[in-house]
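The structure under discussion appears below in the form of structure tokens.
Read the figures in this text as sums done on the coordinates, not as results from a lab. If you're wondering where the values come from, they're calculated on a predicted model, not measured in any experiment. Because the Cβ atoms are built from the backbone with ideal geometry, glycine has one as well, and the counts that use them run over all protein chains shown.
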């Protein structure tokens, strides 16, 4: 009874505090889980109820060594400590030692008072327990039901969509680099369903993301703007996607569409980032028991303990592709009459990779570059790095094969529902991944080719020519404008980007009109490895048909010939015959990004 009351009452207080701190931006114990909704109140109560009840049995056994008349005081003291320590520690304004001392002081005071009349203390808790349980149940039902009712009310206020308006499905495969898809020339058969999708539509061979990590790239997809325009790069600045620019979801909502977002990335695609703006339904937080428990104070503590001492866990909880696609189809089936715009974010190839049999462990062994060259030799990796690389790529490709199978199942489900031919489907990624190239691993560390070159495949029944491969370089910023044009919603004021339709319709396009930019801001925070370029400042790049120029805030510069040396082994910045090309590329970059001009001038002086 004592455990249950403190679990419920203390949990509701913890949840309310968590929610309030998240809104104020004061929650930083685990930056991956700093978003919260009102659901946090009943979620924390339910978790603490289970945890405290589980702790009651061993505590009861231990308390048998204490005289009977003192046992209630022991229980009250222990659970008072547990119910207050989390409250002091949550804001991250106190060190854990300080929170411990304060909670210990409160538990001592409660224990002393209870020892005077333990029977009366237990009687009061016995009376209050039903009220606490009823309040927690009411909050659960009210918050969950209220959110659903609000979504239905919002949908009821939508205007009529245009007759024959197509569905629009935007799928973002988080962390997927283009050159690991079979349709992009990868020797392993990792992606048969995506390959088939490309065969039935348009594949962009050289699509580039606007950044090399999740938030700015997703913000560009949703607004059609480069990072220097939308400024959503929250690692150092805390800036999220604000309300200045309209999003795809807002535009489709205004045209009578149902809008639903389903994001596996609970850290950088959560509602606090601004990416949920315009979606009537956004499925991201509290989607399963793992995510719920990880958002409680003691749930995070247990998760860190398990990760450190038992087995590896993802840095933050997430759902697999089959869970995301199932949630999307359930939402879609609630109303099959109105067209929808839906965004799916899938994270299976993001470290730690996820796959299920028969795909788990499907790919092992070393992968070679075209021509049989060893990546470990080209980038001078140590034997340990080379071994890690081999294992990483095997897990990555296996996760991709699993993810591709789930996409195949999703596409089949849409066919069975009779809407495949009237659905615009775009599959892309927010960024790639480095496996030792330039001595780097992971992403978000710079803008080298492998980390910004992403797949982009588009299908729309008979409205698009089949099997088209666009060789020109394109920016992901143009994806939204392309979807809007295909859906008959082009010309929206303030939405950025340019439709890519001329590229598959053989319309003439000026060569330099498609020079693309990508950038990542400075990230000099403790968890960022010292060898990452972003530790020393921002990194920007401009990519044309043949060249990639990379410029750093400190004036360091790299030039690569993508046509003749696609693996970027040799930096050509010091080759005198390329000086004019460097100056031209610098002008292309600085004419759009003014803040790059001082670094560009410094870099050019260094060539003299």
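Some observations on this one:
- Annotation: the antiparallel percentage among DSSP beta bridges lying fully within the chain is about 50.
- Footprinting exposure proxy ranking of 421, 155, fewest other C-beta atoms within 10 angstrom first, gives 421, 155.
- Per residue, the average separation of C-alpha pairs within less than 8 Å and at least 6 apart gives the chain a relative contact order of 17 percent.
- Segment residue 23..residue 602, full-extension length gain: 204.3 nm, with 0.36 nm per residue of separation and the alpha-carbon distance subtracted.
- Gyration tensor verdict on region 2-143 (Cα atoms; rounded if a/c is under 1.5, prolate if a/b is larger than b/c, oblate otherwise): oblate
- From the alpha carbon centroid of region 213-287 to that of region 156-197 is 18 Å.
- Global form of region 533-605, assessed from the alpha-carbon gyration tensor, a/c cut-off 1.5: prolate
- Gained length - residue 196 relative to residue 16, 0.36 nm times residue gap less alpha-carbon distance: 59.9 nm
- Averaging the sequence gap over all C-alpha pairs within less than 8 Å and six or more residues apart, then dividing by the number of residues, gives region 533-605 a relative contact order of 26 percent.
- Rounded tilt (10° steps) of 96-116 against the dominant C-alpha axis of the chain: 20 degrees
- Globularity ratio of region 170-280, using Cα Rg and 2.2 N^0.38 Å: 1.19
- Ranked from largest, the principal axis spans of the Cα set of the chain equal 89, 59, 46 Å.
- Listed by Cβ neighbour count within 10 Å, with the fewest neighbours leading, 203, 302 appear as 302, 203.
- In this label model, residue 131 and residue 536 are separated by 6.4 nm, measuring between points 7 Å along each Cα→Cβ vector.
- √(5λ) per eigenvalue of the Cα gyration tensor, region 158-212, largest first, Å: 29, 15, 10
- The base-10 log of I(q)/I(0) for region 41-81, evaluated at q = 0.28, 0.33 Å⁻¹, reads -0.95, -1.11 [Debye formula, identical scatterers on Cα atoms, solvent excluded].
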